[in-house]
Amino acid sequence: MKISARNLIEGKVVEVTKGATTAHVKLDIGNGTIVTSSITNQSVDDLGLEVGKQAYAVIKASDVLVAVD
């Protein structure tokens, strides 16, 4: 796989929750850390994502925000 994004984190799919058009996919990237992505249901199907399958979180964001009270 070639990709321009440099933030590539391997993990295991632990949950896939499909909605009307969008799914939430949760990846365990180690030490109980979960990354959640919102993707289309079609992408879930095309990628064959299911619980237990290895996958990658590919992170390419111009803004990453963190806030506290």
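The values are calculated or read from the model by the stated rules, or taken from the named source; none is laboratory data. These numbers come from a predicted model, not from an experiment. Cβ atoms come from the backbone with ideal geometry, glycine included; neighbour counts cover every protein chain shown.
Observations on the structure shown:
- Considering the conditions (1) basic (Lys, Arg); (2) at pLDDT 90 or above; (3) loosely packed, with under 10 Cβ neighbours inside 10 Å, LYS53 is excluded by exactly one of them, (3).
- For segment 46-69, the set of residues classified as closer than 19 Å to ARG6 by Cα and not in a loop (DSSP other than H, G, I, E, B) consists of GLN54, ALA55, TYR56, ALA57, VAL58, ILE59, listed by residue number.
- Taken over segment 56-69, the criterion of being surrounded by 10 or more Cβ atoms within 10 Å (Cβ to Cβ) and among the small types (Gly, Ala, Ser) is satisfied by ALA57 alone.
- Residue in segment 22-45 that is surrounded by 10 or more Cβ atoms within 10 Å (Cβ to Cβ), in a loop (DSSP other than H, G, I, E, B) and polar (S, T, N, Q) present: yes
- Any hit, segment 8-16, residues being exposed (fewer than 12 other Cβ atoms within 10 Å of the Cβ) and assigned to a strand (DSSP E or B): yes
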